Amino acid sequence: MHPDFQTLIVGAGFSGIGAAIGLDAAGMNGYQIVEAGEGVGGTWFWNTYPGIAVDIPSFAYQFSFEQSSQWSRTYAHGHELRAYAEHCATKYGLWSRIRFNTKVIGAAFDEENDLWRIDLDPGGSVTARFLINASGVLTIPNLPDIDGVDSFAGITLHTARWDHGQDLAGKRVAIIGTGASAVQVIPEIAPIVKHLTVFQRTPIWCFPKADVPLSTAAHVAMRVPGGKALQRLISQAYVELTFPLAAHYFTVNPMARHMDDIGKAILRKQVRDPVVRDKLTPRYAVGCKRPGFHNTYLSTFNRDNVRLVTTPIDKITGGGVATSDGESHDADVLILATGFKVLDADNIPTYPVRGVGGQSLAGFWDENRLQAYEGVSVPGFPNMFTVFGPYGFVGSSYFALIEAQTRHIVRCLKQARRKSATRVEVSQQANDRFFAEMMRKRHRQIFWQDTCRLANSYYFDKHGDVALRPATTLEAYWRSRRFPLDDYRFTTTAPSGTAG
Ligand SMILES: Cc1cc2nc3c(=O)[nH]c(=O)nc-3n(C[C@H](O)[C@H](O)[C@H](O)COP(=O)(O)OP(=O)(O)OC[C@H]3O[C@@H](n4cnc5c(N)ncnc54)[C@H](O)[C@@H]3O)c2cc1C
């Protein structure tokens with residue numbers, strides 16, 4: 001049986017775009033991308049709240065083979081990143097290969113024909129020899145589990161689905177959450193609203209960022225030979241120092257231990273009121289949880305119209321937020337800055353997957369803990385590859401992840417083509433070896449400090465694992481080029497239609 005497509009890619013964010021470009025470069029153009037939204041860019045298509053911007057320098061947050069000369073600032077804003085995604089889709093001829101406004105709602109492996117049967121909404125079902133999951137990780141907005149959240153009579157907004165038709169000027173606004181999105185949105189809206197009440201459960205470490213418009217000299221530098229490469233190298237080195245080297249090599253990197261002191265010095269400098277400052281001071285080490293990067297988040301709490309509330313929320317009422325001390329905080333607008341479903345087994349991917357013998361991927365991970373060979377493939381789920389899988393991401397630039405995992409996937413598909421194989425499956429042994437290595441190396445990470453228990457961090461899944469790869473970007477890059485292809489079994493049971 002011939003599949004409808006050689007490969008189906010789920011998601012047209014940067015991962016889906018990168019995977020498609022990788023397939024085209026290998027001459028494997030029989031693919032289709034299915035995207036739930038009506039545009040490309042994923043995160044940067046869906047998240048449009050005021051102040052949204054990337055947290056690492058733009059020079060590192062882009063494809064290495066498609067470095068832009070157009071960035072307006074050192075840290076691009078969301079609309080620029082969306083424009084960059086659109087530029088990539090245009091330059092690499094992807095628009096006509098994307099089926100927009102269509103959700104994948106399930107995928108099941110057909111063992112007889114070595115292909116995936118993929119259910120779409122709308123659109124029935126399609127078949128593909130290979131399935132590449134690029135459905136992201138910060139994709140599905142998380143709604144808070146608070147009584148009465150649906151009963152609020154005013155306007156409710158989630159940061160991940162901002163409604164630009166709502167004018168906040170002069171309104172009383174309550175915002176729940178102080179994670180990375182809140183860090184960006186709070187300083188943006190505080191000057192225009194009448195009053196802002198910020199409900200904080202866990203404080204966030206917040207560091208300044210060198211966010212400035214790019215000078216003419218910087219733009220000229222982007223155009224001279226080697227200029228872009230140098231900017232990228234410096235940015236990537238900075239990112240590497242501030243996350244992978246600090247978090248994964250915590251026990252052997254003394255620099256990481258001083259980050260708390262730096263964070264506290266910034267708090268002292270930026271927050272005037274000692275009581276508010278104390279409430280904003282995290283009790284866990286920097287790195288246990290995703291930090292914020294903003295120049296005016298902390299000082300926003302010096303404003304007369306901003307109040308920080310740390311008393312637990314009891315319930316949401318028609319008129320606002322009631323806290324457990326009996327106080328009512330009236331509001332016209334309620335902003336949920338409550339993040340996303342993250343490392344839940346049913347979120348990566350965002351749809352149910354059934355492999356050999358009808359086994360569910362979410363069930364497999366529930367039982368065996370999150371694991372995937374090199375973060376890409378799971379035994380029992382042949383012909384399926386994931387860009388963001390457990391223990392794939394080192395936490396530096398997401399683009400480094402996309403390029404490494406795409407390289408891994410394309411190497412497998414090229415081998416399948418060479419061998420005329422219709423089934424590609426990682427061996428149990430290779431998967432177990434990789435998982436054991438991850439477990440062995442993780443003791444160096446910051447996440448196992450005692451204080452991380454207080455961080456309420458989405459890095460930890462329900463098993464208490466942190467499925468980030470304890471390695472550097474360079475190691476992940478190297479391994480994507482060098483992993484032994486023998487770790488996969490390449491077989492042919494279906495009559496025809498190999499990778500291509
Ligand atoms: C507010 C915010 C700020 C961030 N800042 C940074 C940063 O500074 N640095 C960094 O490295 N990373 C950052 N990230 C992480 C960011 O998600 C990644 O950098 C990257 O954009 C992820 O790309 P992706 O393509 O894997 O996933 P996404 O961008 O999430 O794209 C996934 C796409 O798949 C689609 N999709 C999902 N499920 C289905 C389905 N079932 N059927 C069809 N389509 C589906 C979605 O609609 C979406 O378009 C940030 C994330 C957020 C939310």
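The values are calculated or read from the model by the stated rules, or taken from the named source; none is laboratory data. Given the structure is predicted, the values throughout are model-derived calculations rather than measurements. In this analysis, Cβ positions are derived from the backbone assuming ideal geometry, glycine residues included, and neighbour counts consider all displayed protein chains. Note: accessible area is taken over every heavy atom of the protein model, side chains too, but ligands, DNA and RNA are not part of it. Shrake-Rupley method; radii C 1.70, N 1.55, O 1.52, S 1.80 Å.
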Residues satisfying the stated conditions in region 128-155, i.e. more than 16 Å from the ligand (Cβ to nearest atom) and more than 24 Å from the chain's Cα centre (by Cα): ARG129, ILE146, ASP147, GLY148, VAL149, ASP150, SER151, PHE152, ALA153, GLY154, ILE155
Among the residues listed as GLN200, GLN184, the single one being modelled with pLDDT of 90 or more, touching a helix residue (DSSP H, G or I) at 6+ places or on another chain (Cβ under 9 Å) and more than 16 Å from the ligand (Cβ to nearest atom): GLN200
Subset tally (residues that are open to solvent by less than 10 Å² (accessible area, probe 1.4 Å) and of a type in the set (A, V, I, L, M, F, W, C)) for region 338-364: 3
All positions within region 380-423 that are open to solvent by less than 10 Å² (accessible area, probe 1.4 Å), part of a loop (DSSP other than H, G, I, E, B), in contact with a Ser or Thr (Cβ under 7 Å, 6 or more places away or on another chain) and more than 24 Å from VAL342 (Cβ to Cβ): ALA421, THR422
Verdict on ALA337 being at pLDDT 95 or above and under 30 Å from ALA26 (Cα atoms): no
Output for region 40-83, where each listed residue is touching a strand residue (DSSP E or B) at 6+ places or on another chain (Cβ under 6 Å) and within 10 Å of the ligand (Cβ to nearest atom): ALA53, ASP55, TYR75
Qualifying positions in region 23-39 - within 13 Å of the ligand (Cβ to nearest atom), open to solvent by 10 Å² or more (accessible area, probe 1.4 Å) and over 19 Å from PHE109 (Cβ atoms): GLU35, ALA36, GLU38
Top-ranked residue of region 1-22 - restricted to ones that are assigned to a loop (DSSP other than H, G, I, E, B), more than 9 Å from the ligand (Cβ to nearest atom) and of a type outside the set (A, V, I, L, M), ranked as least open to solvent (accessible area, probe 1.4 Å): PRO3
Unmet criterion (only one of (1) closer than 30 Å to CYS206 by Cα; (2) within 8 Å of the ligand (Cβ to nearest atom); (3) polar (S, T, N, Q)) for THR102: (1)
Given (1) open to solvent by 20 Å² or more (accessible area, probe 1.4 Å); (2) within 30 Å of GLY42 (Cα to Cα); (3) assigned to a strand (DSSP E or B), number of the condition ARG307 does not satisfy: (2)
Filter result for THR202 (touching a residue at least 12 places away in the same chain (Cβ under 8 Å), part of a loop (DSSP other than H, G, I, E, B) and under 15 Å from LEU334 (Cα atoms)): no
Conditions (1) modelled with pLDDT under 95; (2) open to solvent by less than 20 Å² (accessible area, probe 1.4 Å): number failed by ALA217: (2)
Region 126-150 - residue that is modelled with pLDDT of 95 or more and hydroxyl-bearing (Ser, Thr, Tyr) and, of those, surrounded by the fewest Cβ atoms within 10 Å (Cβ to Cβ): THR127
Tally of residues being open to solvent by less than 80 Å² (accessible area, probe 1.4 Å), under 16 Å from ASP346 (Cα atoms) and part of a loop (DSSP other than H, G, I, E, B) across region 453-462: 2
All positions within region 317-337 that are assigned to a strand (DSSP E or B) and either farther than 24 Å from GLU188 by Cα or of a type outside the set (A, V, I, L, M) (or both): GLY320, ALA322, THR323, SER328, HIS329, ASP330
